[in-house]
Amino acid sequence: MDLKQLRAFIAIADLRSFSAAAAHTGLSQPSLSRLLKQLETDMGVDLVDRYHRPLHLTEAGAFFYDKIGTILTEIDTVTSMTQRLSAPSAVLNIGFVPSVLYGLLPEIIARLKQSSPDIEVTLKDISSYQQMDALKSGDIDIGFGRFAHQVPWIQQILLRHERYVVALPKAHPLANTNNQRLIDLANNRLILYHQTHLPISTAVTKSKSTSTKQTVPSESITEPLLHLFAQYGISPFTTTTVSDLQVALGLVAAGEGITLVPASLKTVRTEQISYQNLAHENVTSPIYLHTLKDFVHPKIPDLLTAIYHVYERRGITYRQQKFM
Ligand code: BEZ
């Protein structure tokens with residue numbers, strides 16, 4: 001059994017067609033068939049049922065496809081990491097979630113370029129979850145996100161907790177009230193915008209009660225803003241879900257509801273939106289830095305120094321951490 005045979009099998013199983021798999025791999029159809037036959041002979045197992053169109057996998061083939069696909073992805077990741085280790089790219093590819101771009105990211109990059117004038121940086125807008133795969137494939141060298149990820153390959157550093165503020169339309173009765181409590185906001189339409197939800201393990205659960213007082217299974221609250229309210233036992237009156245932060249703030253500006261955003265968003269659409277602090281100190285959004293565990297781009301320590309420099313210049317509280 002060799003990698004060529006395995007990749008031929010995966011292409012056939014992915015596309016369920018010898019001709020499509022041949023076009024995808026750049027091999028001829030006879031070569032592809034031969035590789036699959038050799039694999040089946042080596043294993044002593046039929047993996048593909050050739051008599052159906054589109055092609056079917058046998059039961060054993062479906063099992064093998066499921067397991068071997070994961071192993072091939074790991075082989076590709078290790079290969080790419082090894083190549084990067086032996087010849088690190090001169091460019092530092094940074095992935096980020098949009099909310100950090102409104103905050104300190106531009107200032108941090110400017111500081112990095114000032115301290116390392118030879119550095120070349122690319123920036124990629126990419127969700128927290130997608131950052132995990134992008135780190136593995138080498139599309140990015142570092143990711144900034146707002147969610148903790150328990151992924152074996154990934155090293156995660158908590159940079160700081162940023163406080164949430166409430167965004168209200170300028171005409172809202174609470175638009176000029178500072179230090180608001182979540183309970184006082186519960187009567188509004190809350191606009192939800194997070195694409196990434198919390199892992200079930202950290203979610204608050206709510207028990208649904210019915211008019212007949214029957215017990216029904218409790219439901220996990222994984223939406224980040226609802227989770228914040230649920231921690232105080234509050235369920236907002238009604239919600240609207242939109243695709244991203246910009247749309248959420250657009251709806252607030254149009255008077256359609258309120259939302260909570262990290263404090264660094266406070267400068268967006270200030271003609272129509274009033275941002276007010278919350279009374280709760282622990283209603284915060286963390287900012288995490290993610291890299292691979294086994295390969296840290298040589299410029300990342302400089303980037304971390306730039307981040308801490310900006311925090312100190314702005315008097316931001318943070319806990320300094322080192323890479324493993
Ligand atoms: C921050 O706001 O703390 C931050 C933003 C982008 C990258 C790193 C940190």
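Every number here is computed from the coordinates shown, using simple stated rules; none is lab data. Everything numeric in this text was worked out from a predicted model, so none of it was measured. FYI the Cβ positions are ideal-geometry reconstructions off the backbone, even for glycines, and counts take in every protein chain you see.
Observations on the model:
- An oblate overall shape is assigned to region 64-139, the ratio a/c of its alpha-carbon gyration tensor axes (a ≥ b ≥ c) being 1.5 or greater and a/b not exceeding b/c.
- Neighbour count of at most 16 Cβ within 10 Å plus DSSP loop: longest GluC sites (Glu not before Pro)-free window in the chain: 1-255
- Against the chain, whose longest principal axis is taken from its Cα atoms, helix 3-15 shows a tilt of about 60°.
- Between the helical axis of 59-86 and the longest alpha-carbon principal axis of the chain there is an angle of about 70 degrees.
- Taking the DSSP bridge list for the chain and keeping only pairs wholly inside it, about 65 percent are antiparallel.
- What the Cα convex hull of the chain gives, in volume per residue, is 207 Å³.
- About the centre of its Cα atoms, region 3-86 shows a dipole size close to 300 debye [charges on the beta carbon of Lys, Arg (+1) and Asp, Glu (-1) only; nearest 20 debye].
- Crossing angle, helix 128-137 versus the chain [Cα axis fit, 0-90 degrees, rounded to tens]: 30 degrees
- Over 22 Å (Cα to Cα) - which of Lys266/Lys322; Lys4/Lys37; Lys124/Lys170; Lys67/Lys293; Lys113/Lys299; Lys113/Lys266 fall in this group: Lys266/Lys322; Lys124/Lys170; Lys67/Lys293; Lys113/Lys266
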